[in-house]
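Undergrad: Just passing along the structure, written as structure tokens.
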Amino acid sequence: MGKARPGVLAAVVVAAGALTLTACGGGGSSSSSTGSAGGTPTKGGKITYLEIGEQFNNVDPQRVYTGEDLAFFSGTIFRTLTAYKFSKDAKEGTSIVPDLATDTGTVSDGGKTWTFTIRDGATFETGAAITCADVKYGVSRTFATDIITNGPQYAVSMLDIAKNADGTSAYAGPYKKTGQDLFDKAVTCSADGKTIVFHLNKPVPDFNYATTLSAFAPVPQAADTGEKYDDKPVSSGPYKISVYKKGKGGQFILVRNDKWTQDSDPYRHAYPDSWEVDFGLDPAVIDQRLISGAAADQTAISTLLTPASLPIVFNDPKFADRRTNEFDPYTRYIAVNQKKVPDLKTRQAIAVALDREALRTNAGGAFAGDYADGAIKPNIGVDYAPTGMWDGLLGKTIPATGDPDYAKQLLAGKTPTITFDYPNTPTNAKAAAIIVASEAKAGITVKPNPIEAGQYYGVVFDPAKAHELINAGWGADWPNASTVIPELFTPSGGFNLSQADDKAFNDASAAAKVELDRAKQATMWQDLNKKASEQVFIIPTRFGRDQRLPGAKIGNAYLWPAYGSWPYGDMYVKS
Amino acid sequence: MAVDVDTEARGADGVVAPEEIKGRSLSAIAWGRFRRDKTAMISLGVLIFLLLCALFAPLITSVMGLDPYEINRHAIDDIGMPLGCGKPDSAFFCGISWQHPFGVEPGTGRDLFSRLLYGLRISLLIAFSATTITVILGTVFGIVSGYLGGRTDAVIGRLMDIILAFPFLLIVLALSGVFTQRLTDLGVPEGNASRITYLILVFSIFGWPYLARIVRGQVLSVREREFVEASIAMGSGTRRILFKEILPNLWAPIMIYATLTLPTYIATEAVLSFLGVGVLPPTPTFGAILADSVQYMSIIPSYLLIPGVLLAIVVVTFNLVGDSVRDALDPRAGRV
């Protein structure tokens with residue numbers, strides 16, 4: 001879930017926008033109420049998904065990488081070796097169960113070899129049985145980074161395949177076939193095609209979490225059309241694509257896959273007969289339709305409510321049993337560029353002076369989330385422990401409204417001028433004004449630098465263009481901080497906006513990544529998280545929340561902790 | 001609307017009063033017409049009031065104890081709504097108080113009245129500067145092109161065609177980053193100074209061909225007139241003919257064009273800052289305020305309505321004054 005889907009509410013909101021997400025709301029109720037549960041699930045009906053974007057980012061299983069899309073496609077058309085349990089409970093909902101595999105994998109060789117056995121009777125929509133070769137071929141596509149873009153790169157970084165001098169894999173994917181023999185050695189199939197073995201370059205104790213990503217879903221080699229596979233991938237789940245028309249007024253329709261059998265797939269419930277995604281709708285219109293609840297919209301769902309709808313939905317008791325207000329997977333923060341602000345005291349002063357209370361209020365107060373104290377979010381589980389960032393870690397207890405006097409003391413007469421990069425949206429512009437005003441009280445001059453939202457990442461990932469402070473948000477890919485700490489704070493990470501490169505930190509992070517004792521590993525992540533806060537690699541501002549309103553006739557409409565999404569494989573239409 | 005001045009100037013007995021005619025220059029006649037136009041005088045009054053407000057914005061806001069940049073945590077509730085807003089029974093004009101006569105911005109509690117006054121300053125600064133440059137460029141190119149004719153006319157004519165063919169909005173959006181950076185490199189202070197300069201330049205560069213075409217057309221007819229021929233015959237230089245003989249005859253179309261262009265620049269600036277090109281936060285502008293307010297349309301309608309109506313008033317009064325100037329200067333060109 002590292003990256004969020006740009007199509008959803010104000011592009012780049014979640015990953016890049018961070019502060020924009022749930023800008024404001026109204027009313028007093030911030031109590032967390034769970035979605036409609038209870039009742040007996042029934043088969044049949046159609047669930048309509050009202051979508052702001054004019055198409056999916058990607059439908060190709062190896063290219064899907066945003067939380068909501070991963071959940072949707074995994075629940076409907078892509079089977080993976082393992083999958084997350086359907087539950088609204090934070091712990092259960094992030095635990096894994098077997099899906100295409102018969103169990104959650106067998107580990108050997110000290111964590112460097114993982115073996116999965118493929119379930120009998122699993123087929124593609126064509127009727128062809130899914131074999132090890134299909135899974136293997138699917139994984140191999142990740143390596144064709146020129147065509148298969150946007151997807152997670154875990155297979156590339158974890159599999160035991162030599163690297164070229166420039167850091168890219170020696171295997172160039174199934175189209176170019178360079179280094180095919182290396183890949184064939186790293187991923188092997190048994191003679192009967194039932195068992196698949198992954199050989200990893202380092203022990204990865206949580207590899208079976210990575211295999212929940214649709215990047216590890218099977219793809220029949222004969223049907224692979226390369227880049228075009230993104231428009232009509234072959235289904236292995238209970239539904240298949242019948243229509244995919246992009247653009248405003250476009251639709252994506254899933255109908256039942258008659259080759260799928262419940263016996264071969266105990267994981268998915270596949271209650272509704274079909275799914276329909278309506279593209280290119282105005283966010284205000286979507287909210288209005290869900291709020292007024294006309295007959296056709298009672299079986300509709302969408303994602304985040306707009307700020308203006310929150311007071312309506314959360315002040316009216318008639319929505320009490322439908323609305324959801326839960327933690328989303330993301331931590332919102334301001335990355336502090338270590339290359340541009342090398343002085344620790346200055347970084348600490350910037351963090352100390354910041355009025356986090358005003359920032360949170362601007363984003364919607366309690367609806368926007370809780371104050372964050374580090375990169376790791378509590379809903380990740382064992383890896384979280386309070387860092388004490390605001391309770392003495394920076395030398396003093398820092399109130400949420402900031403402590404400009406203490407910041408001045410840390411600066412010892414310095415008056416730095418820094419620039420804040422953010423995606424250009426009205427709410428972010430107000431956040432920038434708050435940052436300017438609160439830092440000014442400590443003698444720090446902040447220059448706002450709005451960047452066009454669609455280009456935001458391209459700009460801030462360029463070390464030549466990134467400034468001192470960078471607005472960001474990140475969510476763990478699975479409940480292990482191995483998808484947070486190394487990604488955010490080491491040079492090899494995929495989201496190191498802080499440009500952190502601390503030798504001791506890198507070594508400790510690498511050691512934690514291969515630690516097989518989960519309890520010990522958790523302590524290591526907690527220490528590193530604390531270190532990152534103390535060193536002010538980032539200024540964590542909020543553990544984000546997410547508010548939604550499903551149609552009245554949708555059953556099992558709870559927020560699924562695994563992806564911070566709807567539990568697509570578990571939802572049904574109430575009769 | 002056009003009253004026959006000649007009739008007015010005669011006495012009741014129809015005898016022309018000699019000193020009246022002597023005392024009235026072209027501009028005096030125009031001003032006389034303008035003064036009798038009620039719409040014009042009311043618009044002018046509103047306009048002068050707005051201009052004074054903008055000019056003395058810092059004074060007005062400090063007298064009222066307001067600061068457009070101050071974050072007013074006390075004016076908003078826990079989730080950032082202006083006090084009294086966002087409840088099912090909220091009033092239409094929620095968030096408005098004696099202290100904040102136009103209400104406050106949700107999220108930050110910044111005072112809307114002072115932000116709008118400061119926003120007006122920026123809008124007017126950009127619009128006036130851009131109009132001035134547009135008029136200078138348009139007039140000079142128009143006169144030169146019309147009077148010299150031939151190759152010069154052809155070159156300027158094609159240049160104008162090219163500029164008019166550009167999709168203005170697209171270019172402005174696409175080039176803003178690069179050009180602002182370039183201006184900074186050239187020594188214009190970084191930040192808002194560069195961004196405002198960029199807007200003024202872009203408006204002027206894309207605005208002058210319209211005026212130049214009008215001026216060129218006028219010059220084509222004026223240059224054939226006897227006094228120009230006389231001046232040529234007397235051996236005057238080209239510059240003298242252009243600017244001393246021909247230019248004074250062009251003031252009417254130029255004035256008309258300028259007064260009608262100004263409001264379009266104000267509106268365009270608002271559109272651009274709405275789209276996020278333009279002045280940086282926390283500096284307030286109409287467009288940025290409107291862009292933020294549309295999100296809250298359903299729960300804080302006054303937040304959208306007040307800036308929207310104010311912008312409309314500014315643009316409409318400028319337009320009405322422009323129309324009246326045209327009527328006064330050129331009564332025969334009646335409105336369609």
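Undergrad: Can you name every one of the helices (runs of 4 or more DSSP H) wholly within the stretch B:218-336 that holds 2 or more residues which are among the charged types (D, E, K, R)?
TA: The qualifying helices (runs of 4 or more DSSP H) are B:226-233, B:301-329.
Undergrad: Which of the residues belonging to the stretch A:264-289 are over 18 Å from A:Q55 (Cβ atoms), aliphatic (A, V, I, L, M) and away from every other protein chain (no Cβ under 14 Å)?
TA: A:A270 - this is the single residue of the stretch A:264-289 that is over 18 Å from A:Q55 (Cβ atoms), aliphatic (A, V, I, L, M) and away from every other protein chain (no Cβ under 14 Å).
Undergrad: Have a look at B:P101, B:P106 and point out the one that is within 14 Å of chain A (Cβ to nearest Cβ) and part of a loop (DSSP other than H, G, I, E, B).
TA: Of the residues listed, the single one that is within 14 Å of chain A (Cβ to nearest Cβ) and part of a loop (DSSP other than H, G, I, E, B) is B:P106.
Undergrad: State which residue pairs qualify: first residue without any contact (Cβ under 8 Å) to a residue 24 or more places away in the chain and assigned to a helix (DSSP H, G or I) and inside the stretch A:433-459, second residue of a type in the set (V, I, T) and buried (at least 22 other Cβ atoms within 10 Å of the Cβ) in any location, beta carbons under 8 Å apart, and separation of 6 or more residues or different chains.
TA: Here the result reads A:A433/B:I71; A:A433/B:T108; A:V436/A:V446; A:A440/A:V446, each pair linking the stretch A:433-459 to a residue that is of a type in the set (V, I, T) and buried (at least 22 other Cβ atoms within 10 Å of the Cβ).
Undergrad: Right, something else. I'd like the full set of residues that are in contact with a Pro (Cβ under 7 Å, 6 or more places away or on another chain), part of a helix (DSSP H, G or I) and under 25 Å from B:E105 (Cα atoms), limited to the stretch A:353-405.
TA: Residue satisfying the conditions is A:A353 alone.
Undergrad: I'm checking my understanding of the structure. Among residues of the stretch B:281-301 that are touching a Gly at 6+ places or on another chain (Cβ under 7 Å), crowded, with 22+ Cβ neighbours inside 10 Å and modelled with pLDDT of 85 or more, which one is farthest from the other protein chains (Cβ to nearest Cβ)?
TA: Residue satisfying both the conditions and the ranking: B:F286.
Undergrad: Return only the number of the condition from (1) surrounded by fewer than 17 Cβ atoms within 10 Å (Cβ to Cβ); (2) closer than 19 Å to A:P205 by Cα that A:K177 does not satisfy.
TA: That leaves (2) as the condition not met.
Undergrad: Next up: Quick test for you: out of B:G109, B:G95, B:G45, pick the one residue that is surrounded by 14 or more Cβ atoms within 10 Å (Cβ to Cβ) and either modelled with pLDDT of 90 or more or touching a Lys or Arg at 6+ places or on another chain (Cβ under 8 Å) (or both).
TA: B:G109
Undergrad: Now a separate question. Here is a check on your reading of the model: is A:D502 out of contact with any His (no Cβ under 8 Å at 6 or more places or on another chain), more than 10 Å from every other protein chain (Cβ to nearest Cβ) and modelled with pLDDT under 90?
TA: It is false that A:D502 is out of contact with any His (no Cβ under 8 Å at 6 or more places or on another chain), more than 10 Å from every other protein chain (Cβ to nearest Cβ) and modelled with pLDDT under 90.
Undergrad: To continue, here is another question. Which of the residues spanning the stretch A:411-432 are part of a loop (DSSP other than H, G, I, E, B) and either of a type in the set (F, W, Y) or at pLDDT 90 or above (or both)?
TA: A:A412, A:G413, A:K414, A:T415, A:P416
Undergrad: Same structure, new question: Which one of A:F86, A:F78 is closer than 23 Å to A:Y229 by Cβ and of a type in the set (F, W, Y)?
TA: Testing whether each residue is closer than 23 Å to A:Y229 by Cβ and of a type in the set (F, W, Y) leaves just A:F78.
Undergrad: Please go through the stretch A:432-446 and pick out each residue that is surrounded by 18 or more Cβ atoms within 10 Å (Cβ to Cβ) and either more than 12 Å from chain B (Cβ to nearest Cβ) or touching a strand residue (DSSP E or B) at 6+ places or on another chain (Cβ under 7 Å) (or both).
TA: The initial filter retains those residues of the stretch A:432-446 that are surrounded by 18 or more Cβ atoms within 10 Å (Cβ to Cβ), namely A:432-439, A:442, A:444, A:446.
A:A432, A:I435, A:V436, A:E439, A:A442, A:I444, A:V446, listed by residue number.
Undergrad: Do the conditions hold for A:T427, that is, is it within 11 Å of another protein chain (Cβ to nearest Cβ) and surrounded by fewer than 19 Cβ atoms within 10 Å (Cβ to Cβ)?
TA: When the stated conditions are applied, A:T427 does not pass them.
Undergrad: What's the total number of residues in the stretch A:520-540 that are touching a Ser or Thr at 6+ places or on another chain (Cβ under 7 Å) and part of a loop (DSSP other than H, G, I, E, B)?
TA: The total comes to 1.
Undergrad: Only one of (1) within 19 Å of B:V315 (Cα to Cα); (2) modelled with pLDDT under 90 is not met by B:E70, so which one is it?
TA: (1)
Undergrad: Now for a different question. Looking only at residues that are among the hydroxyl-bearing types (S, T, Y) and either crowded, with 24+ Cβ neighbours inside 10 Å or without any contact (Cβ under 8 Å) to a residue 60 or more places away in the chain (or both) in the stretch A:524-564, which one is farthest from A:S309 (Cα to Cα)?
TA: A:S533
Undergrad: Now for a separate question. In the stretch A:118-157, which residue that is of a type in the set (G, A, S) and closer than 18 Å to A:K228 by Cα is surrounded by the fewest Cβ atoms within 10 Å (Cβ to Cβ)?
TA: A:A144
Undergrad: Only one of (1) over 15 Å from the mean Cα position of the chain (by Cα); (2) within 14 Å of chain A (Cβ to nearest Cβ); (3) not hydroxyl-bearing (S, T, Y) fails for B:L329. Which number is that?
TA: (2)
Undergrad: Identify all residues within the stretch A:307-321 that are surrounded by fewer than 23 Cβ atoms within 10 Å (Cβ to Cβ) and either more than 8 Å from chain B (Cβ to nearest Cβ) or part of a loop (DSSP other than H, G, I, E, B) (or both); write none if there are none.
TA: Matches in the stretch A:307-321: A:D316, A:P317, A:K318, A:F319, A:A320, A:D321.
Undergrad: Related question: Which residues, taken from the stretch A:189-228, are surrounded by 15 or more Cβ atoms within 10 Å (Cβ to Cβ), closer than 15 Å to A:T117 by Cβ and either over 24 Å from the mean Cα position of the chain (by Cα) or of a type in the set (S, T, N, Q) (or both)?
TA: A:C189, A:G193, A:K194, A:T195, A:I196, A:V197, A:F198, A:N208, A:T211
Undergrad: Which condition from (1) under 22 Å from the mean Cα position of the chain (by Cα); (2) assigned to a loop (DSSP other than H, G, I, E, B) is the one that A:E515 breaks?
TA: (1)
Rundown of residues vs (1) away from chain B (no Cβ under 13 Å); (2) crowded, with 24+ Cβ neighbours inside 10 Å; (3) touching a His at 6+ places or on another chain (Cβ under 9 Å), yes/no style:
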residue: A:D328; (1), (2), (3): yes, yes, no
residue: A:R332; (1), (2), (3): yes, yes, no
residue: A:N337; (1), (2), (3): yes, no, yes
residue: A:K345; (1), (2), (3): yes, no, no
residue: A:V352; (1), (2), (3): yes, yes, no
residue: A:D355; (1), (2), (3): no, no, no
residue: A:A358; (1), (2), (3): no, yes, no
residue: A:N362; (1), (2), (3): no, yes, no
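Undergrad: Which of the numbered conditions does B:I200 fail, given that it passes all the others? Conditions: (1) in contact with an Asp or Glu (Cβ under 8 Å, 6 or more places away or on another chain); (2) surrounded by 17 or more Cβ atoms within 10 Å (Cβ to Cβ).
TA: Unmet condition: (1).
Undergrad: If a residue has to be on the phi < 0 side of the Ramachandran plot and touching a residue at least 60 places away in the same chain (Cβ under 8 Å) to count, how many in the stretch B:170-200 make the cut?
TA: Qualifying residue count, the stretch B:170-200: 8.
Undergrad: List the strands (runs of 3 or more DSSP E) that sit entirely inside the stretch A:200-306 and contain at least 1 residues that are farther than 30 Å from A:R518 by Cα and without any contact (Cβ under 8 Å) to a residue 40 or more places away in the chain.
TA: Hits in the stretch A:200-306: A:239-245, A:251-256.
Undergrad: Then there is this: Please go through the stretch A:146-160 and pick out each residue that is assigned to a loop (DSSP other than H, G, I, E, B) and within 17 Å of the chain's Cα centre (by Cα).
TA: Correct list: A:T149, A:N150, A:G151, A:P152, A:Q153.
Undergrad: Then there's this: Would you check if there is a residue in the stretch A:460-472 being surrounded by fewer than 24 Cβ atoms within 10 Å (Cβ to Cβ), touching a helix residue (DSSP H, G or I) at 6+ places or on another chain (Cβ under 9 Å), within 14 Å of chain B (Cβ to nearest Cβ) and assigned to a loop (DSSP other than H, G, I, E, B)?
TA: yes
The values are calculated or read from the model by the stated rules, or taken from the named source; none is laboratory data. Here the structure is a predicted model, which is why all the values come from computation and not from measurement. Every residue, glycine as well, gets a Cβ built from its backbone with ideal geometry; the counts of neighbours run over all protein chains shown.
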